1. Which pairs, out of K100/K270; K100/K259; K176/K232, put more than 20 Å between their alpha-carbon atoms?
2. Would you work out the charge dipole size for segment 137-180 about its Cα centre, treating the Cβ of every Lys and Arg as +1 and the Cβ of every Asp and Glu as -1, and quote it to the nearest 20 debye?
3. Using a Förster radius of 30 Å, what is the FRET efficiency between E173 and M137 based on their Cβ-Cβ separation? Nearest 0.05, please.
4. Counting other Cβ atoms within 10 Å, keep those with at most 14, restrict to DSSP loop, and tell me which GluC sites (Glu not before Pro) in segment 168-271 are left.
5. Taking the Cα-to-Cβ direction at R36 and at K241 and moving 7 Å from each Cα, how far apart do the two end points lie in nm?
6. Only residues of segment 241-256 count here: report those whose backbone N is under 14 Å from the spot 7 Å along Cα→Cβ of K215, or say none.
7. Rounded if a/c is under 1.5, else prolate if a/b is larger than b/c, else oblate: which is segment 14-170, with a ≥ b ≥ c the root eigenvalues of its Cα gyration tensor?
8. Taking the Cα-to-Cβ direction at K5 and at D27 and moving 7 Å from each Cα, how far apart do the two end points lie in nm?
Amino acid sequence: MNEEKIEYWINQLNQELDMETCESFWDDRANEFNQRAEKRQEKADQMVEELIQKGIISSQSRVLDIGCGPGTHSIAFAKKGCQVTAMDISSNMLKHLKEKAEDLSLPSITLMKGNWEEVDLKQYGWNRYFDLVIASMSPAIHNWDTFDKMMTASKGYCYASAFIKRKDTLGDEIQKQVGDKKIPPTNKIESMQNILRIQGIHSELNLHHREWEMKMPIEEAVQHYIKKTQIKQEISSITKKEIRTFLENQQQDGFVLEKTEATVGEILWKV
């Protein structure tokens, strides 16, 4: 193993996140994500069916969903009979998942509120416990420790997805104005793939394109972008005012519209 090379990619993967702000941010977005999840359920169902066809999981499999959100993937796995442990830092996300699981009579989903970074695998008996561990678009995997722990929890396969490219009409402008230039852009999928490659582990990569719009009342938008910025860096009261002024200049009839284009990368590998 080339220690110098793997250290480079580990450093590329590492992100310092304010998890308290992260929790509040995702609590605020839970309703919106739950509505969006309904549209994405078919894709999640298809993904699970493909994993079954490939022999990666079965109806007897144990699955850990890290950063499960409102439960799109957890629901898909549970409908196939898998025993699912769904973890998220957001109580509001888990509330939506709990309601859906009850409506669909899916008792095989165990909900767990928590920060993945703080989970002690030995305490839960999770060392090499799950047949599949997934982290779909989850900020929970944001450094070497959280990535390595994800693999340690699996006795079979891991799956991760994240943005490779993303363009936000409003968010990008705010980041240009207030962003900390010392924070380098992160390609989480590229970093993960190279860490795995150097360790001699092959990963299967899939790419797909997404576009969506998000319309928010001005006050909600102000809090959204302030919290989103604070997850990665501290900002001053002056910066908060700058964010507010920018968004007020973008509003129409009391609302702002964010348009997003993104490329998402998905990787699957055997541990």
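1. Where the Cα-Cα span goes over 20 Å, the pairs concerned are K100/K270; K100/K259.
2. 220
3. 0.85
4. E234
5. Label at R36, label at K241, 3.2 nm between them.
6. Hits in segment 241-256 for K215 at 14 Å: 251-256.
7. On the way: a/c = 1.39, a/b = 1.11, b/c = 1.25.
Cα axes put segment 14-170 in the rounded bin.
8. Taking the two extended label points, one gets 4.5 nm.
Readers should treat all values here as calculations from the given coordinates under stated rules, not as data from a laboratory. The shown structure was predicted, so the numbers you read here are calculated from the model rather than taken from an experiment. We place every Cβ from the backbone using ideal geometry, glycine too, and count neighbours over all the protein chains shown.
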